[in-house]
Amino acid sequence: MIKNYSIENIKNIVQNTNLKHVAIIMDGNRRWAKDRLLPSAVGHQKGVDSLKATMRACDKFGIKYLTVYAFSTENWNRKPDEVEFLMNLLAKTLGKELDEMHKENVKIKFLGDIKALSDNLQYILKNAEETTKDNTGVNLQIAFNYGARAEIIHAMKEIAKKIKDEAISIDDISESLVEEYLYTSSIPNPDLLIRTGGEKRVSNYLLWQIAYSEILVLDAYWPEFDADSLAGAVLEFERRNRRYGK
C-alpha cells in the first residue's frame with residue numbers, strides 16, 4: 001500500500017500504459033474476520049466497503065472497466081447459511097447502493113449463470129443492469145455464480161447450435177467468434193488481474209480472458225484493499241513489460 005502519490009500521476013500512468021480493465025479476485029473476507037475474532041458476515045460486509053472504494057478509485061484514476069469475482073460456481077459448496085447470507089448481501093447491497101451508483105454514472109453488468117438464482121434475486125440483478133445500462137462511467141462487472149469453464153462450455157453450446165442451424169460453419173470458428181459468446185462480449189480483456197489474500201491461483205476465473213493479463217498477488221485481505229492499494233497496483237503495472245509472446 002502506498003500513500004505518497006497524486007491522482008493526476010496515476011491517471012497519467014493509466015493513460016500512458018493503456019490500462020483499461022482491472023479484474024480482481026476479492027479473496028480473504030473470512031480470514032480477515034477470523035483474525036479479528038469476528039463472524040464471517042462482518043468480513044463480507046467490509047468487503048462491500050472495499051469494492052465501493054475501489055470502484056470510486058477506478059473512476060478517479062480513469063480505469064474504465066472493473067470486474068470482480070463475487071460468487072463462484074464452486075461457492076455453492078460452502079455452508080448453506082453462508083451461501084444464503086451472500087445471496088442476501090448482494091440483494092441488500094443493490095437495494096441500498098443502486099441509486100447512488102446510478103448517480104455516479106456506474107454501468108453494472110452481471111457475469112455468470114444468473115438463471116440458477118432465485119426469481120427475486122434475478123429481478124434485482126436485471127433491474128440494476130436495466131437502470132444503469134446507459135451510464136458512461138466505470139463499467140462494473142460482477143461475476144456471480146460464475147465459473148470460467150462453465151462460461152466456455154456455454155459458449156461452445158451456443159456456437160454448436162448456430163452450426164446445427166447452419167447459421168455458421170465450422171470454418172467460421174475463431175477467437176473473435178468465441179469471444180462473442182462469452183459473458184464478457186463487448187468488454188476488453190483484463191490488462192491486470194489482482195488477487196488479494198495471498199493465494200497464488202486463478203480459481204476458475206476468466207480463464208479465456210486473462211490469457212495475457214498481468215497478474216498481481218497481494219498478501220493483504222480484500223477488506224484491507226482501498227484506493228491506495230489500487231494506486232500501488234497501477235504503479236506495479238507500469239513496471240511490467242507486456243511482450244505478448246514476442
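The values are calculated or read from the model by the stated rules, or taken from the named source; none is laboratory data. None of these values were measured; they are calculated from a predicted model. So basically every Cβ, Gly included, is an ideal-geometry build from the backbone, and we count neighbours across all protein chains shown. Heavy atoms of the whole protein, side chains included, go into the accessibility calculation; ligands, DNA and RNA do not. Shrake-Rupley method; radii C 1.70, N 1.55, O 1.52, S 1.80 Å.
Can N204 be described as under 30 Å from E224 (Cα atoms) and open to solvent by 60 Å² or more (accessible area, probe 1.4 Å)? Considered against the rule, which asks whether it is under 30 Å from E224 (Cα atoms) and open to solvent by 60 Å² or more (accessible area, probe 1.4 Å), N204 comes out as no. Of the listed requirements (1) out of contact with any Asp or Glu (no Cβ under 8 Å at 6 or more places or on another chain); (2) farther than 26 Å from A33 by Cβ; (3) among the basic types (K, R), R240 misses just one: (1). Restricting region 14-25 to residues that are outside any loop (DSSP other than H, G, I, E, B) and not β-branched (V, I, T), which is surrounded by the fewest Cβ atoms within 10 Å (Cβ to Cβ)? Looking at residues that are outside any loop (DSSP other than H, G, I, E, B) and not β-branched (V, I, T), I get N16. Only residues that are free of Cβ contacts under 8 Å to residues at least 40 places away in the same chain and not in a loop (DSSP other than H, G, I, E, B) were counted in region 188-208, giving 0. Residues in region 139-165 that are assigned to a helix (DSSP H, G or I) and within 21 Å of D27 (Cβ to Cβ) were compared, and the one that is most open to solvent (accessible area, probe 1.4 Å) is R149.
The lone criterion from (1) assigned to a helix (DSSP H, G or I); (2) among the β-branched types (V, I, T); (3) open to solvent by 70 Å² or more (accessible area, probe 1.4 Å) left unmet by T136 is number (1). Of all residue pairs spaced 6 or more apart or on separate chains, those with beta-carbon atoms under 7 Å, a first member in region 110-124 that is within 20 Å of L206 (Cα to Cα) and a second member that is open to solvent by 30 Å² or more (accessible area, probe 1.4 Å) and modelled with pLDDT of 95 or more are F110/E129; L111/Y183; G112/Y183; D113/A150.
From the list E166, E175, the lone residue that is more than 24 Å from H21 (Cβ to Cβ) and at pLDDT 95 or above is E166. The set of residues in region 36-62 that are more than 16 Å from the chain's Cα centre (by Cα) and free of Cβ contacts under 8 Å to residues at least 60 places away in the same chain comprises R36, L37, L38, P39, S40, A41, V42, Q45, G62.
When region 209-220 is filtered for residues that are in a loop (DSSP other than H, G, I, E, B) and either of a type outside the set (F, W, Y) or in contact (Cβ under 8 Å) with a residue 40 or more places away in the chain (or both), the ones remaining, listed by number, are Q209, I210, A211, S213, L218, D219, A220. Once region 221-236 is narrowed to residues that are closer than 11 Å to I13 by Cβ and touching a residue at least 24 places away in the same chain (Cβ under 8 Å), the residue that is most open to solvent (accessible area, probe 1.4 Å) is L235. For I163, the stated conditions hold: it is of a type outside the set (D, E, K, R) and in contact with a Ser or Thr (Cβ under 8 Å, 6 or more places away or on another chain). Looking across region 166-181 at every residue that is farther than 15 Å from W208 by Cα and either touching a residue at least 40 places away in the same chain (Cβ under 8 Å) or part of a helix (DSSP H, G or I) (or both), the one that is least open to solvent (accessible area, probe 1.4 Å) is identified as D172.
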